[in-house]
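Notes follow the structure.
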Amino acid sequence: MVPPAPPIMPTGDAAHRHRELAESFGTDAASYDHARPRYPAALVDAVVERIRGHTILDVGIGTGISAEPFRDRGLAVLGIDPDPQMARLARAKGFNVEIARFEDWPAAGRTFDAIAAGQAWHWVDPTAGAAKAACLLRPGGVLALFWNAGRPPAELATGFATAFDALHTGLPFNPWAALAGADPYGAIIDAAAAGLRTTGAFGAPERLSFKWQATATRDEWLGQAATSGGINRLPKDKRKALVNSMGAAIDAAGGNLTIDYTTVAAISERLPIRSNVAAE
């Protein structure tokens, strides 16, 4: 069984204004690592074939989910994450991880052939993050931003959204209300592309999409939902009520979920550094 994908986060440039949600995942890092989906090989291949070199910086490495396939393909990975508990698990997998928010990370002169951010760039300020990436990438380097989006059957998504609204969580989004959209991360990629344009240092992002499908059990879905940003911060009684409502809806639908996935990516190349000296 493949675990379900995380719910949709706030769209556009809104998510990075709620960084406290991203930095709460480590409260149960082991459950996060177990429940979160991995990335399809086609995506990883598409990124690797565009990299000229072997060094890659993983922004928001978390527990190492996004970094493992790149290490498996022979790349040297350095991770950054603001959450020490998440980083601890990634380090246990053998990754070198430094604790910082990407925009504030002291690179100490280091540069890279690629920067990857799996399920993470929406937590980065799109303008400041683009400027930082421009400084860290060598000319011809690759910035690869990618996300998994899982779509449960429409009737279940509606039921999940209704259960969420009924709890009056106070969170800035309903993770299932946006599932009807055809392009769930489109606004986030648009915001990332706008940030890259402000630098003048990147080519236009190449957008890729990979569709796949998997079946999740009731417990797999509920386990994932409990680790999602914001939901993991709810008071125990509200979190339990939400999980119970979702579980009842899944039971009524037969106990398993068929999830339609779309893995989306935006890949941009670092342009050559322009000389300030005019040609004679």
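The values are calculated or read from the model by the stated rules, or taken from the named source; none is laboratory data. Only a predicted model underlies this, so the values are computations on that prediction, with no experimental measurement involved. Here Cβ is always computed from backbone atoms with ideal geometry, including for glycine, and neighbour counts include all displayed protein chains. Note: areas computed on protein heavy atoms with side chains; ligands, DNA, RNA excluded. Shrake-Rupley method; radii C 1.70, N 1.55, O 1.52, S 1.80 Å.
Return the ratio Rg/(2.2 N^0.38 Å) for the chain, where Rg is computed over Cα atoms only. Don't jump to the answer; show the numbers that get you there.
Details: Rg = 18.9 Å, N = 280, 2.2 N^0.38 = 18.7 Å.
Relative to the 2.2 N^0.38 Å estimate, the chain comes out at 1.01.
So how far apart, in nm, are the two label points at R52 and E98 if each is 7 Å from Cα heading toward Cβ?
Label at R52, label at E98, 2.5 nm between them.
Measure nothing fancy, just the Cα-based angle from helix 186-199's long axis to the longest principal axis of the chain, in degrees from 0 to 90, nearest 10.
That helix lies at roughly 20 degrees to the long axis.
Describe numerically, in nm with one decimal, the distance between label points set 7 Å from Cα along Cα→Cβ at D251 and at D237.
Here the modelled spin labels are 2.2 nm apart.
Residue separation times 0.36 nm, minus the C-alpha to C-alpha distance between K211 and E155: what's the value?
Net length gain for the segment: 18.1 nm.
Counting only protein heavy atoms and using a 1.4 Å probe, what share of the accessible area of segment 29-98 belongs to carbon plus sulfur, as a whole percent?
50 percent
Considering only protein heavy atoms, what per residue accessible area in square angstrom results for the chain with a 1.4 angstrom probe?
Values: 11990 Å² over 280 residues.
For the chain, the per-residue accessible area is 43 Å².
For the pair D219 and D165, what calculated FRET efficiency results from E = 1/(1 + (r/R0)^6), where r is the Cβ-Cβ distance and R0 = 35 Å, to the nearest 0.05?
That gives a FRET efficiency of 0.90.
Please pull out the direction-averaged projected area of segment 87-226, using the convex hull of its alpha-carbon atoms, in nm² to one decimal place.
Details: hull surface 43.8 nm².
Convex hull of Cα atoms, orientation-averaged projection: 11.0 nm².
What are the principal axis extents of the Cα atoms in segment 144-245, in Å, biggest first?
49, 30, 20
Take the solvent-accessible surface of the protein heavy atoms, probe 1.4 Å, and return the percent of it on segment 107-211 that carbon and sulfur atoms account for.
C and S fraction of accessible area: 59 percent.
Of all DSSP beta bridges in the chain, what percent run antiparallel (nearest 5)?
Taking every DSSP beta bridge within the chain, about 55 percent pair in antiparallel fashion.
Over the Cα atoms of segment 93-156, compute the convex hull volume and normalise it per residue, giving Å³.
Taking the convex hull of the Cα positions in segment 93-156, it is 145 Å³ per residue.
Which order, highest average first, do 102-115, 134-147, 254-267 follow once you tally other Cβ atoms within 10 Å for each residue and take the mean per peptide?
Output ranking for 102-115, 134-147, 254-267: 134-147, 254-267, 102-115.
Ranked highest first by the average count of other Cβ atoms within 10 Å around their residues, in what order do 268-274, 232-238, 158-164 fall?
Per-residue mean Cβ counts within 10 Å order the peptides as 158-164, 268-274, 232-238.
Ranking request for peptides 56-68, 194-206: highest mean number of other beta-carbon atoms within 10 Å first, then the rest in descending order.
Per-residue Cβ counts within 10 Å, averaged per peptide and sorted highest first, yield 56-68, 194-206.
Provide the three semi-axes, in whole Å and in decreasing order, of the ellipsoid equivalent to segment 46-145 as defined by the square roots of 5 times the Cα gyration tensor eigenvalues.
18, 17, 12
Using only helices, what value at 222 nm comes out for the chain when you add -39,500 (n - 2.57) per DSSP H run of length 4 or more and divide by the total residues, to the nearest 500 deg cm²/dmol?
About -10000 deg cm²/dmol.
Contact order normalised by length for the chain, with contacts defined as Cα pairs under 8 Å and 6 or more residues apart; what percent is it? Please report the intermediate quantities before stating the final value.
Values: 528 pairs, mean separation 75.9, N = 280.
27 percent.
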